[in-house]
1. Per residue of segment 44-58, what does 6.51 cos²θ - 1.76 cosθ + 1.60 with θ = phi - 60° give for ³J(HN,Hα)? Whole Hz please, x for Gly and Pro, Karplus curve as stated.
2. Label-point separation (nm) for A428 and T159, each offset 7 Å from Cα along Cα-to-Cβ?
3. With r as the distance between the Cβ atoms of S523 and N500 and R0 = 41 Å, compute the FRET efficiency 1/(1 + (r/R0)^6) and round to 0.05.
4. Can you list residues whose amide H is under 5 Å from L163's amide H, if they're 5+ apart or on another chain and H is modeled 1.01 Å from N?
5. Roughly what angle does helix 660-677 make with the longest principal axis of the chain, taking Cα atoms, 0 to 90 degrees, to the nearest 10?
6. Work out, step by step, the length gained on full extension between E412 and T637: first 0.36 nm times the residue separation, then minus their alpha carbon distance; give nm to one decimal.
7. Efficiency by 1/(1 + (r/R0)^6): what FRET value for N325 and S257, r their Cβ-Cβ distance, R0 = 30 Å, to the nearest 0.05?
8. Over segment 574-680, what per residue volume does the convex hull of the Cα atoms give, in whole Å³?
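Values quoted throughout were computed directly from the atomic coordinates according to the rules given, and no laboratory measurement underlies them. Everything numeric here is computed off the predicted structure, so don't read it as measured data. Neighbour counts are summed over all protein chains in view; Cβ atoms, including those assigned to glycine, are modelled from backbone coordinates with ideal geometry.
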Amino acid sequence: MTPPLAKEIPHELTIHGHTRIDPYYWLNDRDNPEVIAYLKAENAFTKAMMKHTVELQESLYDELVGRIKKDDESVPYFRNGYYYQTRYRGDAEYPLYYRWKGGNGSGEELLFDINELASGHSYFRDNYHYISPDNKVAAIGFDTVSRRNFTLRFKNLETGKFLPVQIPMTTGSVAWGADSRTVFYTVRDDQTLRSYRIMRHTLGTDPSEDQLIYEEKDEAFYTWVYPSKSGHHIVISSTSTTTTEMRILDAHKPGGSFTVVEPRQRGHEYFIYPTRDHLYVRTNHQAQNFRVMLADIGENMGLSAWREVVPHDPMVLVEDVDVFNDFVVIQERFNGLARFHVRDRSGESHYMAMEEESFVLSAASNPELESNMFRFVYSSLTTPRSVFDYDITSRSKTLLKETEVLGGFEKENYETRRHFAQAMDGTAIPITLVFRKGVSIDGTAPALIYGYGSYGYSMDPWFRSTVISLLDQGFVYAIAHMRGGEEMGRHWYKEGKLLNKMNTFTDFIACSEYLISEGYAASDKLFAMGGSAGGLLMGVISNLRPDLYRGIVAAVPFVDVVTTMLDETIPLTTGEFDEWGDPKVEEYYHCMLSYSPYDNVTTQPYPNMLITTGLHDSQVQYWEPAKWTARLRTHNTSNNLILLHTNMEAGHGGASGRFRALKETARDFAFLLMLLDMDK
């Protein structure tokens, strides 16, 4: 079957005296029937080229689903007089949300059956639910298109009926006033999808009467509203890539005005954690890795009133703070690994002890200020998600639940290791690996290396039950922790953004070469995978080192960097100038032009590539991977496959539902195994 060839219509893009010709610019029109026809033709070609893997895909899908406990439930948490729990049943794609009053489960109520609400929709996502302080009304947001625009609805929990009001174009989350009648919510711009307005709604009134409380006019900023943990305060956060500004309001005075905590100053990032009377602050003021401060809630809560609680440590990144009446838990990152720093009101502190060499920690739901227990989640590449309660007084932890993985999985059969590769400039780059015991580390095994490396997002080694399917096929699975993430501290992020962005890509290549040199990967059986900004990574490495990889899976890839960053009508653009640079500034233009995958496609042999996207993607528009695929086809001198699949019903996150999404994983894995099968 002949691959589709997109027609070429030259389109000139001129900036800084430099003219670029974009022959596939016309694909930027999802309402054009020719565009839809082209995407469908690409889907048909991909289906035809992978037709012989249909049984393999079905087998992989059954295997992936077979590891999931179909009847499952979360550990209940207690909030404001009720226990809350999420459950899954049978083959249902979506959760059921329950609550009850008694500790023995008496008086159980089904709050929402998301399966019923999703009926008739090809895509459905809820943004959880937010219960009023009097426990009588629940607010919940629904997205049925996958553009991350949620319609806000309210349910009377006494009658079980939804109120008639519907509020579209929101983020799907709310903050309740203490009166249980006032609701604050965030509105998105209908073109750029930027969250930019905070509105106040009163139950029983028409949304057209809602009051505008705050509008974020700086297009580099996004704004959100949320309740404090205690419920005594409501917080508005305005955030850009490098700067934040917070506002606070007494929830018992929902008709009042918000107070700015500390006016925005470019480069100053701070985050507040209110108790009833105090404000903990995580700030990077004179502290690149952040420090923790404390202030009294009142008229002056700004920088001049902050008292230092945890000083800055250049070796330790302060990532988050969880507040309680008698102590705080500070989530830190040291030498690439998360840790919990517990500090009580007297100033005494300690660290929670963990056992494995490489692991991941995160706070779980801890909604009660009065508790002396801290709930957290522990995981590693060999240990499934595990929920613990930690007793602050006795310093002991209790395992409440380890996610059950079916299908014969035994974690003792797998081994995880942590190594460091040497980057081009000599920097040591962490790599986390996992493989099945018995696999020969002698340069003969196939390997898959995964990476992201942007936005300061740390790609932690969480347990991934899906990866077992590759490990059991003899694969080594590796995660590269390149600069651009934040694994090694705030400097790690700064050294992989803006004019330093090339470090991210060369770090990943160094990690790939390390796997081969150390015998973890066969030189002709190394595969790479990444999505979104990780898809950008896949695009760059395919241009720089196409010889290094047998195959690449690029999911929803951000590959047309310059054109996208020049178009301020596209979602995310204006808010990301501090991440990638503003191409209207010549220095940044030439920098991003030097690595933009679409602009750097050259006539050379490319590896096998599976490129995926979603027609309704709000983060990376579908036309970027579509254009990239078309250009790769015209320049590729090898016989390797270049495939594009567009999910015509979904967006950035792919298919919705706990099982449906696994069909996409099965397809991706089948692509890798198909390429290996060519050796047989």
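1. Ordered by residue, 3J(HN,Hα) equals 5, 5, 4, 4, 5, 5, 10, 4, 6, 9, 4, 5, 5, 4, 5 Hz.
2. Between A428 and T159, the label points sit 6.5 nm apart.
3. On the way: r = 29 Å, r/R0 = 0.72.
Plugging the Cβ-Cβ distance into 1/(1 + (r/R0)^6) gives 0.90.
4. Excluding prolines and chain starts, which carry no amide H, the hits are F154, K155, N156.
5. 30
6. Numbers: separation 225, 0.36 × 225 = 81.00 nm, distance 4.50 nm.
Difference between extended and current length: 76.5 nm.
7. Details: r = 28 Å, r/R0 = 0.93.
It comes to 0.60.
8. Working: hull volume 14.1 nm³, N = 107.
Taking the convex hull of the Cα positions in segment 574-680, it is 131 Å³ per residue.
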